[in-house]
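In what follows, a single structure is set out as structure tokens and then discussed.
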Amino acid sequence: MINRTRYLTQSVAKILIWIGALSTIAMMILILFQILREGLPVLHLGFFLDSPKNMGREGGIFTTIVGTVALTAVAIIVGAPLGVGTAIFLREYTRESKTSRVIRFGTDCLAGVPSIIFGLFGFVFFVIRLNMGWSILSGGLTLAAMILPTVISTAEESIKTIPSSYREVSYSLGGTRWQTITRVVLPSALPGIFTGILLSIGRSIGETAAIILTAGSSLVMPTSLFSPSRTMSVHFYILAREGISMKMAYGTGAALILLVLMVNIIAQWLINRYIRHRT
Amino acid sequence: MAMKEKIIEKILLLTAFSSIFILGLITFFIFKEGLPLILKIGIKAFLLGEKWIPSKGLFGVFPMIVSSFWVTFGALLLGIPLGLACAIFLSELIPPSVGLLLRPAIQLLAAIPSVIYGFWGLIVLVPLIQNHFGGPGLSILAGSLVLGFMILPTIITISEDSLKALPPTYKAGALALGATHWQTIWRVLIPAARSGVVASVILGMGRAIGETMAMIMILGNAVKMPTSFLDSARTLTTNIGIEMGYASGDHRQALFATGVVLFFIIMALNTLAISLSRRRVH
């Protein structure tokens, strides 16, 4: 009798867990489907290549694509070297020490800081204090700070998986520490580092709160790093929230989803390939 | 040669402190902008004041603190059971080949921009709530549901990692003693992975409290003490997000002061989660 209850409980519990897991996936598909269904028909070549007209009611989203690419580029150019440098230092120059614990704590904390706080910081520091104004540079630098934890942790993970025998061979051939890093460690860790950069690109594309406060929301075509700019996410947000055009909002949303999906699928594919390659 | 090596090491050391440096800068500037106003009107008046009328110089954020926690609580009601179910499902119930497909799907969930979730909440959930439960639709309920979904990736990945990190002997031992698979999961594995699971929930909570854009779109943004899940509300984050565009003077400082409160809450949660996950490692 007791045995039967045990197995009954088990069956019920397992069924509930199946329902939970499947409904999560179903919800995700539903959310994407409901936006793509309305948004995909809006997507034509002209939608991507025309500049927004009349506040975004007509035309396309070209300037916001330019803005998104420019901001993301600044973020990666600044954030990636800093993040990879940190990871190299944590893995190759120091083992568990007080320094590394402090750095890890800082990185973990930074990862938890909400984007609106980054936005406030970027606004008062880059926009006002450093006098960069609402610009691609201010927004890009703020984004660079936001993606740092992602770049650090993925780069660290991939450096960690490199067998120590690789390094030993390099040292035994008379290689210095820096030679070992640039010729042996970094090339082997490259796919992992690239994955981290792709995830950061995804995050930059989707970010809204921090960008609206640091890069502004101008629809004018940016001409330099000091031009204000509107990204796709910000455009989408403004179209939807101010009820400017639901049709255009759906279109921009669908474009955003496709872009983020693409970036993440490539990243996932790289991770899987990389894991299989290693083991 | 040795000189070059030394210089490179120094440069990398500097680089490595960039995240600490940025964290320091953020803390300094948020406090520098926000603290003077809190001190000017008094900590108590700011934290416990119920009126937020910038034009009259009234800055009380109590309703926003309450709303933030209310929305977060609602999100956890949905996020914890679903997240745990998914974590158990991924680590114990499915064959690895299916996991190879499902795990990227969970990652994708994390990658979808928050404005997309907010938009979906606005066009699907808000009308649904309005029609079935009444009220404005733009409500804590809608916010909680969307947020509960948004924090799933955080809860799932960290819980799953800590379940996976358990020594296989735990499971083998329990099964050998005659426990069913479910008893093993519920009485042995989950309690053993407890600190990781709790850390995942705390990080999820931090994510929920910090979310801004999606919440601006679906909470309705009314400044008042919430009395039911169907009320519209304004949280600490949405207060900053809505008014930062046009605020100046004391008003702008008050928004930074709102950021200070948010920063305190987030840092407390972060530190708690980090110390919990450290315990798991040792």
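What follows draws every value from the coordinates through simple rules; no lab data is involved. Keep in mind the model is a prediction, meaning the values are calculated, not measured. Note that each Cβ is placed from the backbone with ideal geometry, even for glycine, and that neighbours are counted across all protein chains shown.
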For the pair A:TRP18 and A:SER51, the simple spin-label estimate (label points 7 Å beyond Cα toward Cβ) gives in nm 5.8 nm
The helix B:18-41 Cα axis meets the longest alpha-carbon principal axis of chain B at an angle in degrees, between 0 and 90 and rounded to 10, of 40 degrees
Residues whose modelled amide H sits under 5 Å from the amide H of A:GLY59, counting only those 5 or more places away in sequence or on another chain, are A:LYS53
Here the relative contact order (percent) of chain A, from C-alpha pairs under 8 Å and at least 6 apart, is 27 percent
The alpha-carbon center of segment B:220-268 and that of segment B:1-43 are separated, in whole Å, by 26 Å
Per the rule of 0.36 nm per residue minus the C-alpha distance, extending A:LYS98 to A:LEU173 adds in nm 23.8 nm
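Give a quick list of trypsin sites (Lys or Arg not before Pro) in segment A:1-39 that DSSP marks as loop, anything other than H, G, I, E or B, with at most 13 other Cβ atoms within 10 Å. Numbers along the way, then the final one.
Numbers: sites: A:ARG4, A:ARG6, A:LYS14, A:ARG37; in loops: none.
The qualifying sites: there are none.
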Across B:ILE129, B:ILE265, B:ILE94, the residue with the highest GNM fluctuation in chain B (Cα network, 10 Å cutoff) is B:ILE94
If R0 = 25 Å, then B:SER275 and B:PHE73, at their Cβ-Cβ distance, give a FRET efficiency to the nearest 0.05 of 0.65
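When a/c reaches 1.5 or more, the comparison of a/b and b/c decides; with that in mind, is segment B:1-109 rounded, prolate or oblate per its Cα gyration tensor?
It is oblate, given that a/c is not under 1.5 and a/b is not larger than b/c.
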Along segment B:49-56, Karplus-curve 3J(HN,Hα) (6.51, -1.76, 1.60; θ = phi - 60°) to the nearest Hz, with x for Gly and Pro, reads x, 9, 10, 10, 10, x, 5, 9
Relative contact order in percent for segment B:62-281 (Cα pairs under 8 Å, 6+ apart) equals 30 percent
Quick note, the protein assembly as shown: a/c under 1.5 would make it rounded; otherwise a/b > b/c is prolate and the rest oblate (a ≥ b ≥ c, C-alpha gyration tensor); here it is rounded
Non-local residues with an amide H under 5 Å from the amide H of B:TRP52, with H modelled 1.01 Å from N and Pro and chain starts lacking one, are B:GLY60
Here segment B:252-267 yields Karplus 3J(HN,Hα) values (6.51, -1.76, 1.60; θ = phi - 60°; whole Hz; Gly and Pro given as x) of 4, 4, 5, 5, 5, 5, 4, x, 4, 4, 4, 4, 4, 4, 5, 5
Interchain or sequence-distant (5+) residues whose placed amide H lies within less than 5 Å of the amide H of B:GLY220 are B:ALA233
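What FRET efficiency comes out for B:LEU93 versus A:LEU270 if R0 is 30 angstrom and r is the Cβ-Cβ distance? Round to the nearest 0.05.
Once the sixth-power term is evaluated, E becomes 0.65.
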Classified through the alpha carbon gyration tensor (a ≥ b ≥ c as square roots of its eigenvalues; rounded if a/c is under 1.5, else prolate when a/b is larger than b/c, else oblate), chain B comes out oblate
Applied in sequence order to segment A:227-236, the curve 6.51 cos²θ - 1.76 cosθ + 1.60 (Karplus, θ = phi - 60°) yields integer Hz couplings, x standing for Gly and Pro, of 7, x, 7, 10, 8, 4, 4, 5, 4, 4
Ranked by GNM mean-square fluctuation in chain A (Cα springs under 10 Å), the top entry among A:THR150, A:THR223, A:THR231 is A:THR223
Computed over the Cα atoms of segment A:1-154, the Rg and Dmax in Å are 23.8, 76
